[in-house]
Amino acid sequence: MDYIAYIVTSISLLMMSSCAGPGGGMSAVNGLQHDETEPTVEVDTFHLVAAVFRSDVVSNGKVKADEYADMYFRSSELIDDVAVHNGQRVRNGQVLARLDLFKLNAEKDRQEAALAQARLELQDVLIGQGYNPENMASVPEDVMRLARVRSGLQQAESNYNMTLRDIDNATLSAPFDGIVANVKGARHTMATASEPFCRIINDSRMSVVFPILESELPHVENGGMIEVMPYSSDKKYVGHISEINPVVDESGHVTVKAILEQSRSLIDGVNVRVRCSQSLGKRLVVPKSAVVLRSGRQVVFCYKDGRAMWNYVTTGLENLDSYEITEGLGEGDTVIVAGNENLAHETPVRIK
């Protein structure tokens, strides 16, 4: 029996040696078993150094034109010509549309005749008061003022100037370089003075208006940088905050306005996603992809001697793509930022 027990014990020791020896497949490190034959995982890393950390405030906003002009006809006449269409780019002074001038020119002729008649009446009034109409400079100012009223010249000049103004306003011209929008009139239709014929938008200077929460106000400041991303495209625009309305509305929001740079391709009224950034100085910062959860705690793996080393960390502030690390890592650590989804402590890894 002793001999049999000896044989069994020897076989057991040999089996354990074959599993745990240099050529074996299992090893125990720090109380954890690892399969030394498991495949090497490819990972991406970066060298951890203190970097400028920017806080982020994200909101939804709407792009607005900082300068625009609604173009009105002042007379209700037939539209004779429309020279522009929606979306057309125009230059300062370019003709947009023109009214039929037949009635206005006829009114001008009538007012010119009335003006000539009033001037004759003025001469008669001055002669009746003993003044020479050929020497107007000799007429006292108060006498001339009264004579102009009695002769009807004052009213005739006013009516004539108004007609000239109506003729001038019968042609709409662009007040500045911009783009045409909201064209409502068409040729041979009646213009209305109650609504604009079109709008000219100066799209070289656009702004974005967006709300932020009251609690986010400390992270936003005048002159602060913003990034704007339209929902309709992947293009990004930058700008700077120009106004912060010092009022909290009923929903707990504060309205912020920012001026955009290089915004000519944006459309007035387009909905955008806004990201406000503020520098908080240098911190230890890692990409969000570097932080994984293990047993409900935040973990960052670092590369060391061909293995992934498990580190519990404490994070501080965060923005859209990064965490501030307050505990658990130090400058100079090689942090694994990709390929870390299924890593365990001391998993063999290889940098791509």
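The values are calculated or read from the model by the stated rules, or taken from the named source; none is laboratory data. These figures come from a predicted structure and were not determined experimentally. Cβ placement follows ideal geometry from the backbone for every residue including glycine, while neighbour counts extend to all protein chains displayed. Note: accessible area is taken over every heavy atom of the protein model, side chains too, but ligands, DNA and RNA are not part of it. Shrake-Rupley method; radii C 1.70, N 1.55, O 1.52, S 1.80 Å.
Values as computed for the structure displayed
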| quantity | calculated |
| --- | --- |
| Residue among V180, V238, V208 that is within 22 Å of G87 (Cβ to Cβ), assigned to a strand (DSSP E or B) and within 13 Å of the chain's Cα centre (by Cα) | V208 |
| Single condition N92 does not satisfy, out of (1) of a type outside the set (F, W, Y); (2) open to solvent by less than 50 Å² (accessible area, probe 1.4 Å); (3) in contact with a Phe, Trp or Tyr (Cβ under 7 Å, 6 or more places away or on another chain) | (2) |
| Any hit, region 169-191, residues being free of Cβ contacts under 8 Å to residues at least 12 places away in the same chain and out of contact with any Lys or Arg (no Cβ under 9 Å at 6 or more places or on another chain) | no |
| Options R283, R199: the member that is of a type in the set (K, R) and over 27 Å from L317 (Cα atoms) | R199 |
| Single residue of V270, V220, V292, V285 found to be within 11 Å of the chain's Cα centre (by Cα) and surrounded by 15 or more Cβ atoms within 10 Å (Cβ to Cβ) | V270 |
| Residues located in region 159-174, provided they are open to solvent by less than 60 Å² (accessible area, probe 1.4 Å) and either modelled with pLDDT under 95 or not in a loop (DSSP other than H, G, I, E, B) (or both) | N159, Y160, T163, D166, I167, N169, A170, T171, L172, S173 |
| Region 296-328, subset touching a helix residue (DSSP H, G or I) at 6+ places or on another chain (Cβ under 9 Å) and among the charged types (D, E, K, R), residue surrounded by the fewest Cβ atoms within 10 Å (Cβ to Cβ) | D321 |
| Meets criteria (more than 33 Å from the chain's Cα centre (by Cα) and surrounded by 13 or more Cβ atoms within 10 Å (Cβ to Cβ)) for R150 | yes |
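Residue-wise test of (1) open to solvent by 80 Å² or more (accessible area, probe 1.4 Å); (2) closer than 30 Å to N319 by Cα; (3) out of contact with any Ser or Thr (no Cβ under 8 Å at 6 or more places or on another chain).
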position	(1), (2), (3)
Y72	no, no, yes
S76	no, no, no
F102	yes, no, yes
R110	yes, no, yes
